[in-house]
1. When the residues of the range 269-313 are narrowed to those that are among the hydroxyl-bearing types (Ser, Thr, Tyr) and part of a strand (DSSP E or B), which ends up surrounded by the fewest Cβ atoms within 10 Å (Cβ to Cβ)?
2. Report, ordered by the first and then the second residue, all pairs with beta carbons closer than 7 Å, sequence separation of six or more or different chains, a first member in the range 291-310 that is without any contact (Cβ under 8 Å) to a residue 24 or more places away in the chain, and a second member that is surrounded by fewer than 16 Cβ atoms within 10 Å (Cβ to Cβ) and assigned to a helix (DSSP H, G or I).
3. Residue check: is Ala269 under 21 Å from Ser233 (Cα atoms), among the hydrophobic types (A, V, I, L, M, F, W, C), free of Cβ contacts under 8 Å to residues at least 24 places away in the same chain and out of contact with any Gly (no Cβ under 9 Å at 6 or more places or on another chain)?
4. Out of all the residues in the range 228-254, which are surrounded by fewer than 15 Cβ atoms within 10 Å (Cβ to Cβ), polar (S, T, N, Q) and in contact (Cβ under 8 Å) with a residue 24 or more places away in the chain?
5. Within the bounds of the range 186-196, is there any residue that is part of a loop (DSSP other than H, G, I, E, B), modelled with pLDDT of 95 or more and within 27 Å of Asn224 (Cα to Cα)?
6. So for the range 110-117 (the condition being in contact with a strand residue (DSSP E or B) (Cβ under 6 Å, 6 or more places away or on another chain), at pLDDT below 95 and part of a loop (DSSP other than H, G, I, E, B)), does at least one residue qualify?
7. Out of everything in the range 252-268 that is in a loop (DSSP other than H, G, I, E, B) and small (Gly, Ala, Ser), what residue ends up being farthest from Gly311 (Cα to Cα)?
8. Tell me, yes or no, whether the range 173-181 has at least one residue that is free of Cβ contacts under 8 Å to residues at least 40 places away in the same chain, closer than 15 Å to Thr133 by Cα and surrounded by 16 or more Cβ atoms within 10 Å (Cβ to Cβ).
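The values are calculated or read from the model by the stated rules, or taken from the named source; none is laboratory data. No experiment lies behind these values; they were computed from the predicted model shown. Backbone-built Cβ (ideal geometry, glycine too); neighbour counts: all protein chains shown. Just the protein is used for accessible areas: all its heavy atoms, side chains included, with ligands, DNA and RNA removed. Shrake-Rupley method; radii C 1.70, N 1.55, O 1.52, S 1.80 Å.
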Amino acid sequence: MSTSITPDTQSLIQELMAAMQSGSLSSGTGSASGAGQSSGTQNSQEEAKLAEVFQELMALLKQGNKEGSTSPGSDTTSPAISPAAGSSASATPAAGSTSPTTPASSDASSPAATTSGTSSTSAGDGPNTTTITNTSDHDEKIGQFLNGGSTTQPTAEIDLKPGQTGTLKYENGQGGYDAEADSSGNFQSTASRLEFYADAKGVNNDDVSYIDGRNASIKVSDGNGKTAGDSQSIANDAPSNAITKDAGGRATVTGWYDGSTQDMKDGGAYMESKLGTGNAYIHPDDDRNATSSNPMTMAQDTSQHYTADFGDA
């Protein structure tokens, strides 16, 4: 580290050099000329003067060192006066912190906090409605299929969490069915069906069909005392040959369809033994049965608004 020479220091150095150049200090004997003078007294005075100069010089050098240690470029670091960046002493809250004057957001006002069963999920158009509640223990995708259209791509669909409710709508003059997709989101021809038809005046014919298979229990009501279908879970006790499972492990009971295989016969017989034939179609000709065992109990219904539950098979 370099130390600058102040004017006072420069003056003392010059004074020291002048004293050294005098004859009396050129030798260590105490005599400059050796003729008739009291050299001892003179030497003592000059030595005292020299010592004083040295002391003053050292004091100035020390002072210069102290001043240099606090100046810019010094090896000694001065302590910072202001808080360091990011310090908790800063008046600006750190990113992510909650200001005492800002209330934390409440889950009660968040759309994600909507209570199950109160969803406004809706699809389709028309004055006829079927409001469906997912009463199973898994997510459900319910599709609406219109007569004459695709059986794999619905014209409208809703996604429901367990306990959640949504609505499918259809026009007067339209008919079709509502069905639940498998765990991969695909609609299979072996699904349970909530069948509907509304004539030009809005008079409905609704029924539940397990003819093609049963991948969900379906129960529907018109709100005026008429019901169809059931809310039982029967798949766990079905004959092993009459059960299939999808990729997610969800079960489907094989439907009677045309009874052309033993699995169809066993599945149809099992469902009939558990459910009877009065609340849902098990066989294609069940609507020929007597009134007490005929599934068409909701035919010619003046109601246009239905509620339904889709549960476990």
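1. Among residues in the range 269-313 that are among the hydroxyl-bearing types (Ser, Thr, Tyr) and part of a strand (DSSP E or B), the one surrounded by the fewest Cβ atoms within 10 Å (Cβ to Cβ) is Thr307.
2. Asn294/Asp287
3. yes
4. Passing the criteria: Ser231, Gln232, Asn241.
5. yes
6. Within the range 110-117, one or more residues are in contact with a strand residue (DSSP E or B) (Cβ under 6 Å, 6 or more places away or on another chain), at pLDDT below 95 and part of a loop (DSSP other than H, G, I, E, B).
7. Ser260
8. The answer is yes, given that some residue of the range 173-181 is free of Cβ contacts under 8 Å to residues at least 40 places away in the same chain, closer than 15 Å to Thr133 by Cα and surrounded by 16 or more Cβ atoms within 10 Å (Cβ to Cβ).
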